[in-house]
Amino acid sequence: MARLARLELSDDDVAKFQEQLSDILEAVSKVSELDLSDVPPTAHPLAIANAWAEDEPHDCLPLDDVFANAPDRDGDYFRTPPA
């Protein structure tokens, strides 16, 4: 994984991280020991309700308010440094 992430690790770090990763995988593998035959597959433990409000049109901000904190403008446009 370190090679894929393009990390340069010492041999000591590789050994330490291998041990930590093995411990993590061992802990996660304990889930497979559980009897989940009567548990339905779920993507989320709670019912999800749409938290978004309905779209309602509003008047636009006046241009003076839009550009009030702009560092620089050119007419009705924001002026930015060249990319």
Can you tell me which residue is modelled with the lowest pLDDT among those in the range 2-13 that are of a type outside the set (Asp, Glu) and loosely packed, with under 10 Cβ neighbours inside 10 Å?
Arg3
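Residues in the range 52-83 that are in contact with a strand residue (DSSP E or B) (Cβ under 8 Å, 6 or more places away or on another chain) and of a type in the set (A, V, I, L, M): how many?
Within the range 52-83, the first condition is being in contact with a strand residue (DSSP E or B) (Cβ under 8 Å, 6 or more places away or on another chain), and the residues that meet it are 67, 70, 72, 79.
Next, from what is left, pick out any that are of a type in the set (A, V, I, L, M): 70.
Summing the residues that are in contact with a strand residue (DSSP E or B) (Cβ under 8 Å, 6 or more places away or on another chain) and of a type in the set (A, V, I, L, M) in the range 52-83 gives 1.
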Single residue of the range 44-66 satisfying the filter (surrounded by 10 or more Cβ atoms within 10 Å (Cβ to Cβ) and outside any loop (DSSP other than H, G, I, E, B)) that is farthest from the chain's Cα centre (by Cα):
Leu63
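Let's see how each residue does on (1) modelled with pLDDT under 90; (2) touching a Cys at 6+ places or on another chain (Cβ under 9 Å); (3) assigned to a loop (DSSP other than H, G, I, E, B):
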| residue | (1), (2), (3) |
| --- | --- |
| Ala15 | no, no, no |
| Leu21 | no, no, no |
| Lys30 | no, no, no |
| Thr42 | yes, no, yes |
| Ala68 | no, no, yes |
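The values are calculated or read from the model by the stated rules, or taken from the named source; none is laboratory data. These numbers were taken from a predicted model, which means no experiment stands behind them. Every residue, glycine as well, gets a Cβ built from its backbone with ideal geometry; the counts of neighbours run over all protein chains shown.
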